[in-house]
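Below is one structure, written out as structure tokens; the observations come after it.
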Amino acid sequence: MNKFEQLGLNESLLLAVKDLGFENPSEVQEKAIPILLEQNTDIVALAQTGTGKTAAFGFPLIQKIDADDKSTQGLILSPTRELCLQITNEIKQYSKYIKGLHTVAVYGGASITEQAREVKRGAQIIVATPGRMQDMINRGLVNIKNINFCVLDEADEMLNMGFYDDICSILSDTPDEKNTWLFSATMPQEVARIAKQFMHEPQEITVGAKNSGSSTVSHEFYMVNARDRYEALKRLADANPDIFSVVFCRTKRDTQSVAEKLIEDGYNAAALHGDLSQAQRDGVMKAFRGRQIQMLVATDVAARGIDVDNVTHVVNYQLPDEIETYNHRSGRTGRAGKLGTSIVIVTKSEIRKIHTIEKIIKQKFEEKSIPSGIEICEIQLLHLANKIHDTEIDHEIDNYLPAIYEVFQDLTKEELVKRMVSVEFNRFLAYYKSKRDITSQGGERGERSSEPREIRAGDPVRYFINIGARDDFDWMQLKDFLKETLDLGRDDVFKVDVKEGFSFFNTDGEHTAKVMDTLNGFELHGRRINVEISKNDGGGNSSRRDHNGRSSGGGRRDGGFRGERSSSRREGGFGGKSESRSSDRAPRGEKREGGFSRGSASRGESSDRAPRNERRSGSAPRRSDSSSNTPRERRPRRS
């Protein structure tokens, strides 16, 4: 007897299961399907992404739908257009042998009139994104007042994306006696609130521990200096020649920038973020599914709903603000029982985030070192040898063998092998032979062996930086630049004081390593940024104050994850006031250690400040990838 038949599925569904090649139900399917088929109950199912949740609610929903009744009986809400279409396609595959059952996808970015027309023709099941569904309800284009079943898929994702009000409004438009099936990878407070408000004594199914990571995913972190983050990404890609990965960045700007660098350096890469048109997104995803793209660089929002098999690695180029988001990222690999790896690239100051994630996912990270150039060359050499060995021979080449033998007749077998391998290998050897080791040296889990002075996490630290008003910064623009460059929250940079040729700013001591590692090494308008710790903390206590001394927040936040959705968002409301009246003399008690750098302007120097209407926006300057001003050295392109 088929194991799916033991779950209670009818003949039509079993035929579809056979066509799809399903053999054994997953754990969530094995637990959920019998309950949903045998009982009229609400249910909360907690399971990681990629564990087969669509079939877990899809099979029971289809079996309970009356195909002869053309009215809408089931509603499935999902967070993104991609996931909405994916669920719709799977429901159609499951119900292919059930005559008269129609499923319609309702989502933004497509004609609402056409979607309403399809629903009106008869749609027993609607799969929708919350925003578009609410829009159709408001316009009177859909009726869900008599549905029997409502499924909330990826509930935590929907709430993370800000759909709480829409979901509450939609559920309020459905009958109280319906069954609500909630499927989620994690159980944050917002999900629990939805369950309490709209569900009646739901049964709970948990696959693994709550909020835990998947057992098929291993977790690694690599500690580097912030300036070496991109170089680390390239080395990790080269150390895994068959990598098929999703690379996560926090902002759209970083996503586009990293993807462009990877393409320039010869990698098969592409960006996926919210600024792309729907046609561009579809094109990128088609290429990724077809493995024409090996490294998909994406933001968290844009990547939601990606369902691509055999992703080998998830790379956290930057860690997310929220722990639950890390869980969703790592769930893109290790799917359907296959093994996957989640990689995190961190700086010394971010180690506490690794500890926090470990506690939540109940799995340990393995600390690893970025491979050296020689190690990468060895890996690539063996990969090339195996590729040659396993290449299938097309015997059309037999026609050309006499001419080929003539070319190689003066070479021994050993010489021939060496030259064949060197065709590819020499490029990697030339690129990496002089490259330095980029693993951050700091002891186990980033503990530094020495500090310039004792700095405690809760203490404010005052910094001197050799950029100021003559670099077209006022205090607000400099604060924005520092927040974006350092990936810090709005209250983490404070007491910003801009002078003509230099400036001062404060952070908490916990950010000191990040400030020093990230900013020392940037180049701005052809000169290198230099940051040093001031002898004076700027006065006052540890509460954050703006440039006018007004309090802008309390003490230090605990934990590593902040509620901000994007570190690149600018603060508003200040009207662009500048510190143009400030002199370039250091305030009393804030004299920088070691004197002023050669890049500082004196009063006698002519100012190159741009006119007021050409003032820079405060965006981050592009980092130089070497200590000189020479163009960035390209990695050898893949053949």
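The values are calculated or read from the model by the stated rules, or taken from the named source; none is laboratory data. Given the structure is predicted, the values throughout are model-derived calculations rather than measurements. Here the Cβ positions follow ideal geometry from the backbone for every residue, glycine too, while neighbour counts run over all protein chains shown. When the accessible area is computed, the model is the full protein with side chains, heavy atoms only, and any ligands, DNA or RNA have been set aside. Shrake-Rupley method; radii C 1.70, N 1.55, O 1.52, S 1.80 Å.
Computed quantities for the displayed model
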{"read-out": "Test: Ser184 is small (Gly, Ala, Ser) and buried (at least 21 other Cβ atoms within 10 Å of the Cβ)", "value": "yes"}
{"read-out": "Qualifying residues in the stretch 144-168 (those that are part of a helix (DSSP H, G or I) and charged (D, E, K, R)) - the one most open to solvent (accessible area, probe 1.4 Å)", "value": "Asp165"}
{"read-out": "In the stretch 108-132, the residues that are assigned to a loop (DSSP other than H, G, I, E, B) and either on the phi < 0 side of the Ramachandran plot or charged (D, E, K, R) (or both)", "value": "Gly108, Ala110, Ser111, Ala123, Gln124, Thr129"}
{"read-out": "Of all residues making up the stretch 293-306, the number that are assigned to a loop (DSSP other than H, G, I, E, B) and either hydrophobic (A, V, I, L, M, F, W, C) or out of contact with any Asp or Glu (no Cβ under 8 Å at 6 or more places or on another chain) (or both)", "value": "4"}
{"read-out": "Complete set of residues in the stretch 234-292 that are among the small types (Gly, Ala, Ser) and part of a helix (DSSP H, G or I)", "value": "Ala237, Ser257, Ala259, Ala279, Gly283, Ala287"}
{"read-out": "The stretch 34-43, residues that are assigned to a loop (DSSP other than H, G, I, E, B) and buried (at least 18 other Cβ atoms within 10 Å of the Cβ)", "value": "Asp42"}
{"read-out": "Pair list, Cβ < 6 Å and 6+ apart or interchain, from the stretch 415-432 residues that are hydroxyl-bearing (Ser, Thr, Tyr) to residues that are modelled with pLDDT of 80 or more and open to solvent by less than 60 Å² (accessible area, probe 1.4 Å)", "value": "Tyr432/Gly373; Tyr432/Ile376; Tyr432/Cys377"}
{"read-out": "Helices (runs of 4 or more DSSP H) contained in the stretch 348-412 and holding at least 2 residues in contact with a helix residue (DSSP H, G or I) (Cβ under 6 Å, 6 or more places away or on another chain) and surrounded by 10 or more Cβ atoms within 10 Å (Cβ to Cβ)", "value": "351-361, 373-390"}
{"read-out": "Selection count, the stretch 54-72, where residues are open to solvent by 10 Å² or more (accessible area, probe 1.4 Å), of a type outside the set (A, V, I, L, M) and either part of a helix (DSSP H, G or I) or touching a Phe, Trp or Tyr at 6+ places or on another chain (Cβ under 9 Å) (or both)", "value": "3"}
{"read-out": "Enumeration of residues in the stretch 171-181 that are closer than 24 Å to Gln39 by Cβ and either touching a strand residue (DSSP E or B) at 6+ places or on another chain (Cβ under 8 Å) or open to solvent by less than 50 Å² (accessible area, probe 1.4 Å) (or both)", "value": "Leu171, Thr174, Pro175, Lys178, Asn179, Thr180, Trp181"}
{"read-out": "Residue in the stretch 307-336 that is surrounded by the most Cβ atoms within 10 Å (Cβ to Cβ), counting only those that are assigned to a helix (DSSP H, G or I) and in contact with a Gly (Cβ under 7 Å, 6 or more places away or on another chain)", "value": "Ser330"}
{"read-out": "Test set (1) in contact (Cβ under 8 Å) with a residue 24 or more places away in the chain; (2) of a type in the set (A, V, I, L, M, F, W, C); (3) closer than 21 Å to Leu141 by Cβ - Leu61 fails condition number", "value": "(3)"}
{"read-out": "Residue check, Lys364 among the basic types (Lys, Arg), touching a Gly at 6+ places or on another chain (Cβ under 6 Å) and in contact (Cβ under 8 Å) with a residue 60 or more places away in the chain", "value": "no"}
{"read-out": "Criterion: within 30 Å of Tyr432 (Cβ to Cβ) and either at pLDDT below 90 or within 18 Å of the chain's Cα centre (by Cα) (or both) - qualifying residue of Ala232, Ala192", "value": "Ala232"}
{"read-out": "Flag for Ile87 being closer than 13 Å to Leu152 by Cα and in contact with a helix residue (DSSP H, G or I) (Cβ under 6 Å, 6 or more places away or on another chain)", "value": "yes"}
{"read-out": "Matching entry among Lys3, Lys99, Lys31, Lys18 (being open to solvent by 20 Å² or more (accessible area, probe 1.4 Å), modelled with pLDDT under 95, within 26 Å of Asn146 (Cβ to Cβ) and of a type in the set (Lys, Arg))", "value": "Lys99"}
{"read-out": "Close pairs (6 angstrom Cβ cut-off, 6 or more residues apart or separate chains): assigned to a helix (DSSP H, G or I) in the stretch 486-499, not hydroxyl-bearing (Ser, Thr, Tyr) anywhere", "value": "Leu486/Lys514"}
{"read-out": "Residue list for the stretch 244-268, filter: surrounded by fewer than 22 Cβ atoms within 10 Å (Cβ to Cβ) and of a type in the set (Gly, Ala, Ser)", "value": "Ser257, Gly266"}
{"read-out": "Selected residue (criterion: surrounded by the most Cβ atoms within 10 Å (Cβ to Cβ)) from residues of the stretch 477-497 that are under 15 Å from Ile529 (Cα atoms) and in contact with a Leu (Cβ under 8 Å, 6 or more places away or on another chain)", "value": "Leu482"}
{"read-out": "Any hit, the stretch 9-27, residues being under 24 Å from Ala195 (Cα atoms) and among the aliphatic types (A, V, I, L, M)", "value": "no"}
